[in-house]
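Values quoted throughout were computed directly from the atomic coordinates according to the rules given, and no laboratory measurement underlies them. Just so it is clear, the structure is predicted and the values come from calculations on it, not from any experiment. All Cβ positions, glycine included, derive from the backbone under ideal geometry; neighbour counts span all protein chains shown.
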Amino acid sequence: MTTRKIISIFIGLLCTLLFPVSKVFAGEPMFSIYPKGGNVSGGTFTVDILLDSAEESLVSARFTLVFDPEYLELTKAERNNALFDQWPSDETTIDNEYGVIMLTGFTQSGSGSLYKTGSTAGIIARLTFKALKKGTTSIDWEYSGNHELFKTSLMKDGSPPTNVLDSKPESATFSIGGVINPQTAIPMDKIILVLGVVLILFGALMVFAKPRNFNRTKGTVVMYGK
């Protein structure tokens, strides 16, 4: 074996170590829940909804989560206004009676900076839940593979835009009544993460709320900020 061939093999091995395949070929665009699960001792706990565009430029991102209202109650919802220009109110829903959470971000192609993930996935929302009783429960996704209302999707810029969320994101399962709360609250600039609680309405104030599908919440109503 010649010296040149030995050097070529060495360089090839070095490149493999420094630039693994996962770095060369980007993963698929995806939503995820952080943490993916854990033990919850009781009280409240927080989960972050992460968005990774996998080098795609997104004009829209919508997530719809479902949870068991017998085990969990959403007490606070925050969104990251820096990711998209618009957050349509008619495509945003929080319903503690039926256990539904939906948020949609949108940026018009050609009129703003489309969302594209940098070195790490972006936090699109931060959700705080109150544990209601002991047991095991999951936070899951409404997903059909199509871009339709109340279904999770990621729309890539194009004419027309296309859904690039090719598979259902992973759910997160929590055991309530454990001894350790899951690690939450990924460090993030408070200026970027905008407090999303603008309305805490009780009984009589419900007359001021516009009727909307999946928005028949009993008790406390928590809405995303404008």
HN-Hα J in Hz across the range 78-86 - Karplus 6.51, -1.76, 1.60, θ = phi - 60°, x for Gly and Pro: 10, 10, 9, 5, 6, 7, 9, 7, 10
Residues 83, 149 arranged by fewest to most Cβ contacts within 10 Å: 149, 83
Label point distance in nm, residue 85-residue 159, each placed 7 Å from Cα along Cα→Cβ: 1.8 nm
Separation of the residue 32 and residue 109 label points, Cα + 7 Å toward Cβ, nm: 2.8 nm
Gained length - residue 150 relative to residue 116, 0.36 nm times residue gap less alpha-carbon distance: 9.9 nm
Neighbour-count order for 90, 140, 48, fewest beta carbons within 10 angstrom listed first: 90, 140, 48
Alpha-carbon centroid distance for the pair the range 112-158 / the range 27-81, whole angstrom: 5 Å
Residue order, fewest to most beta carbons within 10 Å, for 167, 89, 159: 159, 167, 89
Extension gain from residue 175 to residue 68, taking 0.36 nm per residue of separation minus the Cα-Cα distance: 37.2 nm
Separation in nanometres of the label points that stand 7 Å from Cα toward Cβ, at residue 143 and residue 168: 0.8 nm
Which listed pairs, of 36/130; 36/156; 76/133; 130/151, have C-alpha distances above 21 Å, in listed order: 36/156; 130/151
Kirkwood Rh in Å, taken over the range 97-145 so that all alpha-carbon pairs contribute: 15.0 Å
